[in-house]
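Data first, discussion second: the structure below is written as structure tokens.
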Amino acid sequence: MSAVVCLSGGVGGAKLLLGLQRILPAGELTAIINTGDDFDHLGLRICPDIDTALYTLAGLANPELGWGRRDETWTFMQTLEQLGGETWFRLGDGDLALHIERTRRLGDGQLLDSITRVIAATLGIATTVVPMTNDAVRTRVMTDLGELDFQHYFVRLRCEPALQSCRFVGAETATITSAASAALTQSPRAIVIAPSNPYLSIDPILALPGMRELLRASGAPVIAVTPLIGGNAVKGPTAKIMRELKREISPLAIAEHYRGLVDGFVLDECDSALAAQLAIPCAITNTLMRSLADRERVADVALEFADSLRARGAR
């Protein structure tokens, strides 16, 4: 009983994944990644959250953009623009190679989890990076402009339409990948829900049939790390979405969203006054992860917190 499982979306979650990878022995971390953002573009299968996790854990992430590869070049996009092609979703030259190879392998009949495993090994990643499912699950959002594909809402329209609800098309018949199921059933030390957007990144994972039951039956403390600091999201549209869904923009609302699933909640120190209002135990730390040391510290706090809950019999 030593492995740790983390449920994650893209940029914000990948920061915590890197912290966990750096403080855990090699091979002790399994990252279950949201695939609701995946889509087909320019004839290629794009898996934004998986790729962000891969690039981050391999030390290849672009620190300026927060997505894609570092030291990227853009000849492909420049040429595509000259030809009048769609350039709203930017694919760097190095990044493009990954999408082409993934699409080729999928066309040969390989499954997304096996492709991801091969790519992670090629990049020298110690963490087991696992898509939540091999089946097609696609996040669609209902907005004041009508229902939109996730990437059109998130990237093309920059989250400007007012969000009214989300649905995860295909989730009701999707199967959890075997590696994800195995990680959750082999007595993990802890399960951590990364500070990813609860509504867009974590909910698609939780929508898979049997996922909530696996989490609760694992016997491990389930810890959520707040994606909000002082009423603001560190990254992405979490606060905007909560406002549009008429939710209080507060870690309390995030904890309520995970009611019945999590055993503990990691609050930012600037929100420490809210601790008394939480119905579950909490840990308090500076959750802003700017540096590698920050990421390691938040990861360490989450795991020590989980260990303390287990020792107290909270799980």
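Brief remarks on what is shown
- Beta-bridge orientation, the chain: approximately 45 percent antiparallel, per DSSP, counting only bridges with both partners inside.
- Spin-label model, ARG22/GLN164: points 7 Å from Cα along the beta carbon direction are separated by 4.4 nm.
- When peptides 269-279, 224-234 are ranked by their average number of other Cβ atoms within 10 Å per residue, the highest-first order is 224-234, 269-279.
- Think of each Lys and Arg Cβ as +1 and each Asp and Glu Cβ as -1; about the Cα centre, that makes the dipole of region 107-220 roughly 300 debye.
- Relative packing of 39-52, 56-69, which averages over residues the other C-beta atoms within 10 Å, highest first: 39-52, 56-69
- Long-range amide H partners of ALA190 with built H, under 5 Å: VAL5
- Region 1-95 - charge dipole about Cα centre, Lys and Arg +1 at Cβ, Asp and Glu -1, debye rounded to 20: 360 debye
- Computed E for ASP93/LYS235 - FRET, C-beta separation, R0 22 angstrom, nearest 0.05: 0.30
- Solvent-accessible area assigned to carbon and sulfur over the chain amounts to 50 percent, based on a 1.4 Å probe.
- Filtered trypsin sites (Lys or Arg not before Pro), region 143-229: DSSP coil and at most 15 other beta carbons within 10 Å: ARG158
- All aspartates and glutamates inside 16 Å of LYS235 as judged from Cα atoms, apart from same-chain residues fewer than 8 positions distant: ASP49, GLU64, GLU160, ASP268, ASP294
- With the simple spin-label model, which puts each label point 7 Å out from Cα in the Cβ direction, the GLU81 to GLU64 separation comes to 1.4 nm.
- Positive-end residue, the chain charge dipole about Cα centroid, Cβ charges, pick of THR103, VAL262, ALA31: VAL262
- Amide H to amide H, with H built 1.01 Å from N, ARG70 comes under 5 Å of ALA61, ASN62, counting only residues 5 or more places away or on other chains.
- With a cut-off of 14 Å between beta carbons, the residues surrounding ARG105 carry a summed charge of +1, where Lys and Arg count +1 and Asp and Glu -1.
- Fully extending the segment from ALA121 to ALA276, taken as 0.36 nm per residue of separation minus the present Cα-Cα distance, adds 51.4 nm.
- Mean Kyte hydropathy of -1.0 or more with a Cα span along the axis of at least 18 Å, helices from DSSP in the chain: 11-23, 93-107, 292-311
- For the chain, the solvent-accessible area of protein heavy atoms averages 42 Å² per residue (probe radius 1.4 Å; ligands and nucleic acids excluded).
- Dmax and Rg, reported as Rg then Dmax, of the chain (C-alpha, Å): 18.7, 63
- Per-residue [θ]222 nm for the chain (sum of -39500 (n - 2.57) over DSSP H runs n ≥ 4, rounded to 500): -10000 deg cm²/dmol
- Pairwise FRET efficiency - GLU213 versus SER114, Cβ, R0 = 30 Å, nearest 0.05: 0.75
- Protection-proxy order for peptides 196-203, 116-123, each taking the mean of Cβ atoms within 10 Å per residue, highest first: 196-203, 116-123
- Comparing Cα centroids, region 188-203 and region 276-294 end up 14 angstrom apart.
The values are calculated or read from the model by the stated rules, or taken from the named source; none is laboratory data. Here the structure is a predicted model, which is why all the values come from computation and not from measurement. Note that each Cβ is placed from the backbone with ideal geometry, even for glycine, and that neighbours are counted across all protein chains shown. Please note that ligands, DNA and RNA were not included when accessible areas were found on the heavy atoms of the full protein model with its side chains. Shrake-Rupley method; radii C 1.70, N 1.55, O 1.52, S 1.80 Å.
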